[in-house]
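Written out below as structure tokens is the structure these notes cover.
Coordinate-derived values only; no laboratory data. All of these numbers come straight from a predicted model, not from anything done at the bench. Heads up, the Cβs are rebuilt from the backbone with ideal geometry, glycines too, and the neighbour counts pull from every protein chain shown.
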Amino acid sequence: MDRKEILSELKKVLAPYTESKEMLAEINEQTDLIKDLKINSANLVDIIIDAEAQYNIEIDFDAAEKMYNVGNCIDVISEKINKPA
């Protein structure tokens, strides 16, 4: 799964938590989850849980702390997906 595919799926994960649907349509790797998408910090936990289910991965606390913008989310998801079993 490449970065573009992950971004496409990530939009679906973020959609229920995003106030600005216009901004969601235009997200890129620099998009900040809290500042740009207006996602509150409590919902970040829900997003991580949803991402784990969507990609069938486990995101540990250290990785979760890095997930503050879209690019970092893609990095974490990509790393977990491509991690050898």
Practice problem: For the stretch 40-48, indicate whether the set of residues that are free of Cβ contacts under 8 Å to residues at least 40 places away in the same chain and in contact with a strand residue (DSSP E or B) (Cβ under 7 Å, 6 or more places away or on another chain) is non-empty. | Solution: no
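Listed here are the residues, each with its yes/no results for (1) among the β-branched types (V, I, T); (2) in contact with a Cys (Cβ under 8 Å, 6 or more places away or on another chain); (3) within 17 Å of D2 (Cα to Cα).
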{"site": "E26", "(1), (2), (3)": "no, no, no"}
{"site": "I34", "(1), (2), (3)": "yes, no, no"}
{"site": "I57", "(1), (2), (3)": "yes, no, yes"}
{"site": "F61", "(1), (2), (3)": "no, no, no"}
{"site": "K83", "(1), (2), (3)": "no, no, yes"}
Exercise. Select from the stretch 58-85 the residues that are crowded, with 18+ Cβ neighbours inside 10 Å and not in a helix (DSSP H, G or I) and list them in ascending order.
Key: I59, M67, N69
Quiz item: Which of the residues belonging to the stretch 4-45 are surrounded by 13 or more Cβ atoms within 10 Å (Cβ to Cβ), of a type in the set (D, E) and part of a helix (DSSP H, G or I)?
Solution: E9
